[in-house]
Amino acid sequence: MSIPFSSTHYRIPQGFGNLLEGLTREILREQPDNIPAFAAAYFENLLEKREKTNFDPAEWGTKVDDRFYNNHAFKNESSEEDKDMEENAALKIQAAFRGHLAREEVKKVKSSDLQEKTEENE
């Protein structure tokens with residue numbers, strides 16, 4: 001009996017996604033009629049290349065992924081200097097908006113004074 005809605009989460013092994021991306025790319029490029037046979041031949045070719053050159057695309061993909069995910073440039077850790085810059089930017093934006101509101105209020109007061117003077121002159 002199968003459970004249609006399972007809360008089980010599977011982890012994709014490292015390097016497996018890169019292997020599937022390579023297979024998918026070649027399938028799209030070649031447009032084979034028999035995809036399972038093409039996949040078998042593709043993986044056989046990869047195994048032969050790995051044995052001849054000692055280059056494993058799955059291992060290489062794992063290293064690339066690891067380098068990307070463990071690179072400190074991609075982490076969301078901000079320094080005190082970054083936080084100060086963000087705070088100063090927020091203060092400038094708020095001050096500019098308050099200045100805008102004040103200028104709008106002055107325009108309203110001036111226009112109401114002008115209307116009153118024109119009404120008095122009539």
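The values are calculated or read from the model by the stated rules, or taken from the named source; none is laboratory data. What you see is a predicted model, and the numbers here were worked out from it, not measured in a lab. Cβ: placed from backbone, ideal geometry, glycine included. Neighbour counts: every protein chain shown. In case anyone asks, the SASA skips ligands and DNA or RNA and just uses the protein heavy atoms, side chains included. Shrake-Rupley method; radii C 1.70, N 1.55, O 1.52, S 1.80 Å.
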(request) Would you rank 23, 101 by solvent-accessible area, highest first, keeping every protein chain in place and using a 1.4 Å probe? (result) 101, 23
(message) Apply the Karplus curve 6.51 cos²θ - 1.76 cosθ + 1.60, θ = phi - 60°, to the phi angles in segment 93-109 and return the couplings in whole Hz, x for Gly and Pro.
(response) 5, 5, 5, 5, 5, 4, x, 4, 4, 5, 5, 5, 5, 4, 4, 5, 5
(message) Apply the Karplus curve 6.51 cos²θ - 1.76 cosθ + 1.60, θ = phi - 60°, to the phi angles in segment 7-13 and return the couplings in whole Hz, x for Gly and Pro.
(response) 8, 6, 10, 9, 9, 7, x
(message) Rounded to the nearest percent, how much of the accessible area of segment 1-65 (1.4 Å probe, protein heavy atoms only) is carbon and sulfur?
(response) 57 percent
(message) With every protein chain left in place and a probe of 1.4 Å, what is the accessible surface of residue 16, to the nearest 10 Å²?
(response) 90 Å²
(request) Sequence neighbours fewer than 8 away in the same chain don't count; with that in mind, list the aspartates and glutamates whose C-alpha is under 20 Å from residue 63. (result) 21, 51
(request) Using a cut-off of 12 Å between beta-carbons, work out the net charge of the residues near residue 87 (Lys and Arg +1, Asp and Glu -1, residue 87 not included). (result) -3
(request) List, in order, the whole-Hz ³J(HN,Hα) value for each residue of segment 48-61 obtained from phi through the Karplus relation with A = 6.51, B = -1.76, C = 1.60 and θ = phi - 60°; use x for Gly and Pro. (result) 4, 5, 5, 5, 6, 9, 6, 10, 10, x, 5, 5, 4, x
(message) Could you report the accessible area of residue 25 in Å², rounded to 10, computed with a 1.4 Å probe on the protein chains as they sit in the structure?
(response) 120 Å²
(message) Full-extension gain between residue 23 and residue 84, please, as 0.36 nm times their residue separation minus the C-alpha to C-alpha distance.
(response) 17.2 nm
(request) Any chance you could look up the accessible area of residue 63 with a 1.4 Å probe, heavy atoms only, rounded to 10 Å²? (result) 130 Å²
(request) Quick one: order 100, 9 from most to least accessible surface, probe 1.4 Å. (result) 9, 100
(message) Let me check I've understood the local charge: for residue 59, count other residues with C-beta under 12 angstrom from its C-beta, Lys and Arg +1, Asp and Glu -1. What total comes out?
(response) -1
(message) If you take every residue apart from residue 41 with its C-beta less than 11 Å away from the C-beta of residue 41, what net charge results, scoring Lys and Arg +1 and Asp and Glu -1?
(response) -4
(message) Modelling each spin label as a point 7 Å along the Cα-to-Cβ direction, I'd like the residue 43/residue 109 distance in nm, to one decimal.
(response) 7.9 nm
